[in-house]
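Each remark here refers to the structure printed beneath this line.
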Amino acid sequence: MMRLRLSDGRLLEPSDSTPRAAASPPQCPSGRPAHLSSLSPLLQRMVILGEDWRFRIHHGIDLAEIADALGLSGGGGLRAAWQRRDRIRGASTITQQLAKNLYLSPSRNPLRKLKEAVTALRLELALPKDRILELYLGLAEWGPGIWGADAASRQYFGVPASQLTETQAAELAATLPHPLTSNPAFAPARMLARRDLILARYHGVPVYIPPEEEPDSLFAIPPITPPIIPRLADTVAVPVPDSLTNPPRHPLPVDSARDTSKARRTDTQR
């Protein structure tokens with residue numbers, strides 16, 4: 001076995017002199033939004049119907065949807081609008097949701113909503129509608145760790161997003177409001193109900209699809225209704241055995257030992 005001696009006197013073993021490949025850095029998941037032409041037109045249409053049906057005509061903020069959410073379109077006053085102020089979060093347009101996904105946090109404070117509206121207006125000025133929709137479909141969350149429409153299509157249905165059927169496209173569109181708690185693979189009841197509304201609207205039925213947007217979490221604990229315990233009566237009737245209420249009538253027991261002693265004393269006195 002040949003060894004090499006270094007200038008400082010140390011011996012270098014052959015295994016030490018063998019070059020080794022440098023350790024590769026850990027790979028991080030990466031991706032980019034798919035081009036709009038590679039996504040099924042059915043999916044594009046279903047998402048617009050379910051999330052923002054005025055997407056093609058508004059300028060980033062749907063004032064009519066906000067008025068509906070606040071009850072102003074029905075003649076409600078400011079008091080009614082204030083009572084329904086929480087519903088405004090469900091009136092977010094596709095552009096607003098993209099602004100939140102790109103630049104903002106998911107918090108629900110009014111300042112974040114104001115920043116979201118301003119950013120949506122700036123996106124509408126800078127980008128065409130198709131580019132906004134393309135970015136939204138490519139960056140939206142469709143399930144735990146599933147980002148982008150094409151990844152969701154392959155994960156749930158095993159086909160690229162260009163080959164989605166009508167029903168599959170509607171299911172993906174119905175997944176967007178609650179991707180973590182209701183999707184094609186996990187607790188799909190709420191998703192299926194919304195899917196049917198989207199399909200009905202797609203076929204021309206004038207149904208109302210309620211806007212939905214709420215905090216979503218795998219660890220969300222559903223509200224628990226406490227059980228109703230019947231009130232106990234003030235007095236409780238306890239059955240008493242008959243032997244206690246009606247004791248048997250029989251002669252009292254006789255102490256035979258004491259009676260025998262008494263009889264002996266009487267005999268002695270005689």
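Read-outs throughout are calculated quantities, based only on the coordinates presented, and are distinct from any laboratory measurement. None of the values given here were measured: they were computed from a predicted structure. Note that we place each Cβ from the backbone using ideal geometry, even for glycine, and neighbour counts take in every protein chain shown.
Here are the numbers for this structure:
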{"read-out": "Projected area averaged over orientations for region 36-202, convex hull of C-alpha atoms, nm²", "value": "9.9"}
{"read-out": "Shape parameters for region 122-197, alpha-carbon atoms, Rg then Dmax in Å", "value": "12.9, 39"}
{"read-out": "Burial ordering of HIS59, HIS178, fewest other beta-carbon atoms within 10 Å first", "value": "HIS59, HIS178"}
{"read-out": "For a label point 7 Å along the Cα-to-beta-carbon line of GLU166, residues of region 41-66 with backbone N under 18 Å", "value": "41-50"}
{"read-out": "By average C-beta atoms within 10 angstrom, highest first, the peptides 161-174, 43-56, 183-196", "value": "161-174, 43-56, 183-196"}
{"read-out": "At R0 = 45 Å, FRET efficiency that the Cβ-Cβ distance of PHE186 and LEU127 yields, to 0.05", "value": "0.85"}
{"read-out": "Mean separation of Cα contacts under 8 Å (6+ apart) over length of region 36-202, as relative contact order %", "value": "26"}
{"read-out": "Additional length obtainable on full extension of the chain from LEU63 to ARG154, 0.36 nm per residue less Cα span", "value": "29.2 nm"}
{"read-out": "Proxy reagent accessibility, fewest Cβ within 10 Å first, across TYR156, TYR208", "value": "TYR208, TYR156"}
{"read-out": "Residues SER105, SER38, SER92, SER182, sorted so that the one with the fewest Cβ neighbours within 10 Å comes first", "value": "SER105, SER38, SER182, SER92"}
